[in-house]
Amino acid sequence: MADTVYINVAPDFNIHAFAAQLAEKYRMEGFNVTVADFNGAQVITFDKNTGGINMLLGLGQGIKATCMYQNGVLSINFSDGDWTGKIIGLVVGWFLCLIPFITAIVGCFKQVQLPKDIGNDAMLICSSMNQQPFDPEQAPYQPQQPPYQQPQEPYQQAPYQQPYQQPQQPPQDQQQPPQDPGTENLNM
């Protein structure tokens with residue numbers, strides 16, 4: 001199974017720096033990574049848990065990525081996936097016991113996902129390498145606001161106003177006596 005990823009990159013793209021960053025990222029995830037320069041292309045081999053009991057269980061992950069840069073396009077061709085351990089795990093699990101069969105299926109899913117993960121990480125690294133440093137002279141014009149200035153006149157205090165007061169109740173003799181609720185309509 002050979003997958004290929006194409007990424008548009010800047011004309012001054014540095015494929016050696018790209019390969020070093022990608023290799024370092026996968027080293028931090030526990031992979032054994034080797035980078036080789038071959039006729040201007042970078043051949044990166046990713047291996048994780050590919051020997052011993054992991055081969056019998058099908059848990060190893062391994063793939064080779066060939067990175068080539070030409071005319072502003074980075075192509076990454078994936079080949080030589082580590083499928084031997086998965087096949088052995090499936091056969092042993094089918095005939096002897098179920099545990100290697102299950103682990104081999106898990107290994108198959110991880111192996112299928114590995115080129116996709118590497119391709120996504122490669123795109124992230126390329127996009128971070130393509131970002132231009134900030135140049136304030138090329139930034140869009142932002143008008144400068146004048147700094148805050150104190151008023152020239154001395155501070156004048158506003159006249160004091162009384163707080164809001166409740167309206168006073170009219171005197172008791174001016175109040176109308178309460179009416180019976182049933183007689184309100186009769187006075188109209």
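The values are calculated or read from the model by the stated rules, or taken from the named source; none is laboratory data. Here the structure is a predicted model, which means the values were calculated and not measured. With ideal geometry, Cβ positions are generated from the backbone for all residues, glycine too; neighbour counts draw on all protein chains shown. Accessible surface is based on the protein model in full, side chains and every heavy atom, while ligands, DNA and RNA are left aside. Shrake-Rupley method; radii C 1.70, N 1.55, O 1.52, S 1.80 Å.
The condition (being closer than 20 Å to ASN130 by Cα, hydroxyl-bearing (Ser, Thr, Tyr) and at pLDDT 90 or above) is satisfied by just one residue among TYR69, TYR26: TYR69.
Residues are listed down the side, and each one gets a yes or a no for (1) free of Cβ contacts under 8 Å to residues at least 60 places away in the same chain; (2) in a helix (DSSP H, G or I); (3) open to solvent by 20 Å² or more (accessible area, probe 1.4 Å):
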residue: ASP82; (1), (2), (3): yes, no, yes
residue: GLY85; (1), (2), (3): yes, yes, no
residue: LEU90; (1), (2), (3): yes, yes, yes
residue: ASN120; (1), (2), (3): yes, yes, yes
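The residues of the range 35-53 that are open to solvent by 40 Å² or more (accessible area, probe 1.4 Å) and on the phi < 0 side of the Ramachandran plot, listed by number, are VAL35, ALA36, ASP37, PHE38, ASP47, LYS48, THR50, GLY51, ILE53. Somewhere in the range 57-71, is a residue surrounded by fewer than 13 Cβ atoms within 10 Å (Cβ to Cβ), under 29 Å from the mean Cα position of the chain (by Cα) and part of a strand (DSSP E or B)? Within the range 57-71, one or more residues are surrounded by fewer than 13 Cβ atoms within 10 Å (Cβ to Cβ), under 29 Å from the mean Cα position of the chain (by Cα) and part of a strand (DSSP E or B). Do we find that ASP47 is closer than 25 Å to ALA19 by Cα and in contact with a strand residue (DSSP E or B) (Cβ under 9 Å, 6 or more places away or on another chain) in this structure? For ASP47, the condition - closer than 25 Å to ALA19 by Cα and in contact with a strand residue (DSSP E or B) (Cβ under 9 Å, 6 or more places away or on another chain) - is met. The set of residues in the range 1-56 being touching a residue at least 24 places away in the same chain (Cβ under 8 Å), in a helix (DSSP H, G or I) and under 30 Å from ILE99 (Cα atoms) consists of TYR26, ASN54, MET55, LEU56.
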